[in-house]
Amino acid sequence: MHYGGDYNPEQWDESVWPEDMRRMREAGVTRVRVGVFAWARIQPEEGVFDWAWLDRVLDLLHENGIQASLATATATPPPWATTNYPEMLPQDDLGSTLWHGSRQAYAPSSPVYRRLASELVTALVERYAQHPAVGMWVANNEYGCHLNYDYSDNAAVAFREWLKKKYGTLDALNEAWGTMFWSQRYTSFDQIVPMRRAPYSLNPGGLLDFKRFTSDTLLELFVMERDIIKSAGASQPVTTNFMGFFPPADYWKWAPELDVICDDNYADPNDPESFRGAAFTRDLMRSLKKDVPWVLLEQAPNDVNWRPTNAPKAPGQMAALSMQAVARGADEINFFQWRQSRRGSERFHSGMLPHAGTNTRTWREITALGETLKNLPGLGTSASGARIAIAFDWEARWALDAPDHPGEIDYGVLIPRWHAALHRQQLLVDLVHPAEDLSDYDLVIAPHLYLLSDESAENLSGFVRAGGNLLVAAFSDVVDDTDSFREGGFQVALRDVLGVAVEEFGALVPPEAAIGGTSAGDTTGSASASRGPGEAHADVDGPFGAARGEFFAERLQVLDPSVEILGRFSSGRLAGEPALTANRAGEGRAWYLATIPDDDGMRRVTGWAAAEAGIAPVLEVPNDMVEVSCRGDVLTIINYGSEPARFAVTGTEVSSGERVSSVDLDQYDWIMLDQAR
Ligand code: GLA
């Protein structure tokens, strides 16, 4: 179990470094990331490298028994680079240049940027591949973070090449994008621009490909650096840091290229529910590389500086969130950054060693956590033992995020909400790509899988036929992977297993709008007043009781008399129509829910489906602010709520070896119990 943070010693006079080492040892630090923003310090001008300071830093770390995760520093080209080569600067969607003076000022497709970055990484790895302090390589930093999309001329050239490779011919591209409509037909690849802002909606197929291209381009940068590092003979793992359910990068596609998954997570201390979102991203990181423990590369020791209100973490909250990561598969806990900056943009961001010194709550909590992690036995596997999986696809998110649908739904919010529904009930869950092997699971939930490739549809159907339980929820299987309807109406690819098809989507006014009384016809704010066109919700009566449906109330066509109607809409324009259907296909069952439930509805629906699939909560706990996770045989219980949680549970406390038959947890208290000992 490693413990540490970002060490950026170039900000400080060298006389401070020995104190850093002493304090790091005191805090139990075992590994730090070095050099993440040090390009300008390492290479003061083109062709000139200054290694002496970095040699001393790495030697010092080694002498103190601390490893370095050596960063490649390529996320921050220095001003000399962008001044000498302004063509490497990125542009926004109106073609305006984004200048240096902050960080990440480069166009990912720029050949000059790639050359300069390659030269830097080559020089770094040649110098340090064999350095005994180096335990890991971290390429760049949070690829795509500040610059989600680049629309520069470099992007235009690269996008055209990417499209040529994908489609071969312009005819194929024109067909896939449906360019015969609105006179968009291209007669040369050179006419294609990287989806810059236009007077009105951009072509959906083009937008989707531009997002694929962007994710692929960023991934190409990682692979470029990784290959340089590996081919120089470095034997350490090579990685980069992800950002949870980050929209622009398809981490399903990225994960196989990394030796180990790293994530950065900044749960908002002000939001009492933010531990739930953190649980989702931690489950995602574990799921991206199952059975390989992952690394929490960044979190805040206390407050951040970039929200409108930056509350400090409550006492114990930092440790609770750190242990949540360990419980969900992490073998390394780090922070941004070691010593709080005195100058620059992040001077108000907390550090492990605060500007106010060591007589501080932050320092005491940091050293206490170091001690805790040191005393933790190896946990081995990261496997959760979950029998439930939520299937989601970045491509579906990209397609849904484009305009011009019957309603606006935010997949980036809804997928974590489905996860939260299970999390509230202590039902363990993994995340999966819909085309991956599902044989470990008894229940797969596929919510709002709007874009569904043939491969994913076959995989999900095969899962059902082989005996699985599949729950598909509204606005799924709507389009193919070009964002076009398949022939034969809506919802074609899963039709055989679901036994139903959608006749109309029946958009409902989104809940936020309805709350403000803006839904057409709703002047009283009462539920019934919103009936008729523009209605806000459609209640459902089902085996899970009553649930409120939002966003869509789809009119279904039941295609086979053997399809069971388990639930019906009980209000709204579809009152009496099927809302939940069940179909048997092969050895398994497929349910279709024709709306998107609210939080309580999601809890009921998922709880019911889990019970149908024979899956029980991992532990009965007093309330849903108490979280239970499994890592192999180790159960971790954390109480995030203000109510103390006292209840019976047996196991052996992992660090002390004490047998336990009940727990008593105040807010942010946690306990790890080995259930096999
Ligand atoms: C990101 C960056 C870090 C730092 C933190 C601040 O995660 O990678 O360098 O700026 O945000 O919260």
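The values are calculated or read from the model by the stated rules, or taken from the named source; none is laboratory data. Note that this is a predicted model, so its numbers are computed, not measured. With ideal geometry, Cβ positions are generated from the backbone for all residues, glycine too; neighbour counts draw on all protein chains shown.
Pairs meeting the criteria (first residue in region 327-341 and without any contact (Cβ under 8 Å) to a residue 24 or more places away in the chain, second residue within 14 Å of the ligand (Cβ to nearest atom) and assigned to a loop (DSSP other than H, G, I, E, B), beta carbons under 9 Å, at least 6 apart or on different chains) are Gln340/Pro301; Gln340/Glu346; Gln340/Arg347; Gln340/Phe348; Gln340/His349; Gln340/Ser350; Gln340/Gly351; Gln340/Met352.
Entry remark, region 179-193: residues being without any contact (Cβ under 8 Å) to a residue 24 or more places away in the chain and assigned to a helix (DSSP H, G or I) number 4 in total. When Gln130 is tested against (1) touching a helix residue (DSSP H, G or I) at 6+ places or on another chain (Cβ under 9 Å); (2) more than 16 Å from the ligand (Cβ to nearest atom); (3) part of a loop (DSSP other than H, G, I, E, B), exactly one condition is not met: (1).
Against the numbered list (1) touching a Leu at 6+ places or on another chain (Cβ under 9 Å); (2) touching a residue at least 60 places away in the same chain (Cβ under 8 Å); (3) assigned to a helix (DSSP H, G or I), Gln324 comes up short only at (1). Sub-6 Å Cβ pairs linking a first residue in region 550-572 that is closer than 14 Å to Val502 by Cα to a second residue that is among the charged types (D, E, K, R), at least 6 apart or interchain, are Arg555/Glu503; Arg555/Glu504; Gln557/Glu503, ordered by first then second residue. For region 566-607, name all the residues that are among the aliphatic types (A, V, I, L, M), surrounded by fewer than 24 Cβ atoms within 10 Å (Cβ to Cβ) and touching an Asp or Glu at 6+ places or on another chain (Cβ under 9 Å). Within region 566-607, Leu574, Ala575, Ala582, Ala585 qualify.
For region 138-178, filtered to residues that are of a type in the set (D, E, K, R) and not in a loop (DSSP other than H, G, I, E, B), the residue that is farthest from Phe246 (Cα to Cα) is Asp171.
Thr650 fulfils the conditions (1) at negative phi; (2) surrounded by fewer than 21 Cβ atoms within 10 Å (Cβ to Cβ); (3) assigned by TED's automatic domain parsing to the domain that holds His419 except for a single criterion, (3). Does Asp209 fit the bill of being of a type in the set (Asp, Glu) and either over 25 Å from the mean Cα position of the chain (by Cα) or within 30 Å of Ala123 (Cα to Cα) (or both)? No: the conditions fail for Asp209. Would you pick out the residues in region 236-265 that are over 10 Å from the mean Cα position of the chain (by Cα) and in a loop (DSSP other than H, G, I, E, B)? Correct list: Gln236, Pro237, Thr240, Pro248, Leu258, Asp259, Val260, Ile261. If the condition is being free of Cβ contacts under 8 Å to residues at least 40 places away in the same chain and within 14 Å of the ligand (Cβ to nearest atom), then region 307-321 contributes Arg307, Asn310.
Residues of region 138-181 that are within 16 Å of the ligand (Cβ to nearest atom), touching a helix residue (DSSP H, G or I) at 6+ places or on another chain (Cβ under 7 Å) and of a type outside the set (S, T, N, Q): Ala139, Tyr143, Gly144.
Being modelled with pLDDT of 95 or more, within 15 Å of the ligand (Cβ to nearest atom), surrounded by fewer than 24 Cβ atoms within 10 Å (Cβ to Cβ) and outside any loop (DSSP other than H, G, I, E, B), is that true of even one residue in region 296-305? For region 296-305, residues modelled with pLDDT of 95 or more, within 15 Å of the ligand (Cβ to nearest atom), surrounded by fewer than 24 Cβ atoms within 10 Å (Cβ to Cβ) and outside any loop (DSSP other than H, G, I, E, B): present. Residue count for region 28-58 under the criterion of being out of contact with any Asp or Glu (no Cβ under 9 Å at 6 or more places or on another chain) and over 18 Å from Ala123 (Cβ atoms): the result is 1.
Residue-wise test of (1) among the polar types (S, T, N, Q); (2) touching a helix residue (DSSP H, G or I) at 6+ places or on another chain (Cβ under 7 Å); (3) touching a residue at least 60 places away in the same chain (Cβ under 8 Å).
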{"position": "Arg22", "(1), (2), (3)": "no, no, no"}
{"position": "Glu26", "(1), (2), (3)": "no, yes, yes"}
{"position": "Trp39", "(1), (2), (3)": "no, yes, yes"}
{"position": "Gly47", "(1), (2), (3)": "no, no, no"}
{"position": "Gly65", "(1), (2), (3)": "no, no, no"}
{"position": "Pro78", "(1), (2), (3)": "no, yes, no"}
{"position": "Thr82", "(1), (2), (3)": "yes, yes, no"}
